[in-house]
Amino acid sequence: MARRKIVAGNWKMNKTPSEAVALVEELKPLVACEDVDVVFCVPAIDIVPVVEAAKGTNIAVGAENMYFEESGAYTGEIAPAMLVDAGVKYVILGHSERRGYFGETNEDVNKKMVKAFEHGLTPIMCCGESLEEREQGVTMDLVRQQVKVGFLGLTADQAKTAVIAYEPIWAIGTGKVATTEQAEEVCAGIRACIAEIYDEATAEAIRIQYGGSVSGSSAPELFAQADIDGGLVGGASLKADFGKIVNYK
Ligand code: 13P
């Protein structure tokens, strides 16, 4: 069975609650599409108004991060149950900005993955190499490590419904898109890694996105690759171009 494409916007640290509602209103008609899953991953404070503004549309709402404890003395953190209660369906975990600026490790990401599933949230787990790592030729080793540790303790049934986003760090926010061949090569390698951990059926079911300067013009070729099931989009998700990415065909 063909995998359904999934296009998610990652708003990062952009848009106040009122700006967020205005952006949903603007993008709503542009992202209407029946055969692609559309997700808006928004800052925590925007979640409640965005869920409300997206009611009755095809837009699912995601968070950009989450903590791995249930509740308690973790000042500033957001618990999985809070996201679920607010109407969130997806959560980005282990984005390179969280790993790079906030010291998140593969082990932290794994704890969050396990928690997300406990609460019925679909994780979008990010992985990807820096330019230095690519030049050293360790891209696939590094990405495999991120995936293997990230998925520790998860069952095949859970893994089947997860989303992995391959985001080369050097392509994020730089306008420098990975070539179609580079993106497909790593996404295929991730799928092979999932087959090794689990089995072919799980590898065939899991959805793998490419992220890094995706735009309306680069999306069609990227999303046509055998192992690329959509995109995780930063900058372009805040603009009308996001509608073009969703309706890439
Ligand atoms: P850009 O699309 O702005 O390069 O960001 C990609 C990204 O980090 C999505 O998570």
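Derivation of every value follows stated rules applied to the coordinates shown; laboratory data play no part. Keep in mind that what you see is a predicted model, and the values were worked out from it rather than measured. With ideal geometry, Cβ positions are generated from the backbone for all residues, glycine too; neighbour counts draw on all protein chains shown.
Taking Cα centre as origin and charging only the Cβ of basic (Lys, Arg, +1) and acidic (Asp, Glu, -1) residues, the dipole magnitude of region 88-232 rounds to 540 debye.
Amide H contacts of residue 230 (H built 1.01 Å from N, in plane; Pro and chain starts excluded): 6, 210 sit under 5 Å, all sequence-distant by 5 or more or on other chains. Among the GluC sites (Glu not before Pro) in region 1-52, those located in a DSSP loop and surrounded by at most 16 other Cβ atoms within 10 Å of their own Cβ are 34. Pairs over the 25 Å Cα-Cα cut-off, from the set 15/160; 5/55; 12/55; 28/249; 15/111; 112/239: 15/160; 15/111; 112/239.
Percent of alpha carbon pairs in region 141-249 separated by more than 16 Å? I get 56 percent for the Cα pairs in region 141-249 exceeding 16 Å. If only the Cβ of Lys and Arg carry +1 and only the Cβ of Asp and Glu carry -1, the dipole of the chain around its Cα centre is close to 440 debye.
Percent antiparallel among DSSP beta bridges with both residues in the chain, to the nearest 5? Antiparallel bridges: around 0 percent, rounded to the nearest 5.
Sorted from greatest to least, the principal axis extents spanned by the alpha carbons of region 66-224 come out as 44, 34, 31 Å.
For the Cα trace of region 1-111, dividing Rg by the Kirkwood Rh returns an Rg/Rh value of 0.98. Sorted on the mean count of surrounding Cβ atoms within 10 Å across their residues, most packed first, peptides 87-94, 67-74 read 87-94, 67-74. With unit charges on the beta carbon (Lys/Arg positive, Asp/Glu negative), name the residue among 96, 163, 220 whose Cα is farthest towards the positive pole of the charge dipole of the chain. Value: 220.
Each of residue 81 and residue 130 was given a label point 7 Å from its Cα along the Cα-to-Cβ line. The distance between the two points is 3.9 nm.
Taking amide H as placed 1.01 Å from N in the peptide plane, residue 165 has its amide H under 5 Å from the amide H of 125, 126, 127, 209, each at least 5 places away in sequence or on another chain. Across region 35-43, coupling constants 3J(HN,Hα) worked out from phi with the 6.51/-1.76/1.60 Karplus curve, θ = phi - 60°, read 10, 10, 7, 10, 10, 10, 9, 10, x Hz, and Gly and Pro carry x.
Here is the tail figure for region 80-120: Cα pairs spaced more than 14 Å apart come to 49 percent of all pairs. According to the Cα-based calculation, Rg over Rh for region 58-146 is 1.03, with Rh computed by the Kirkwood formula.
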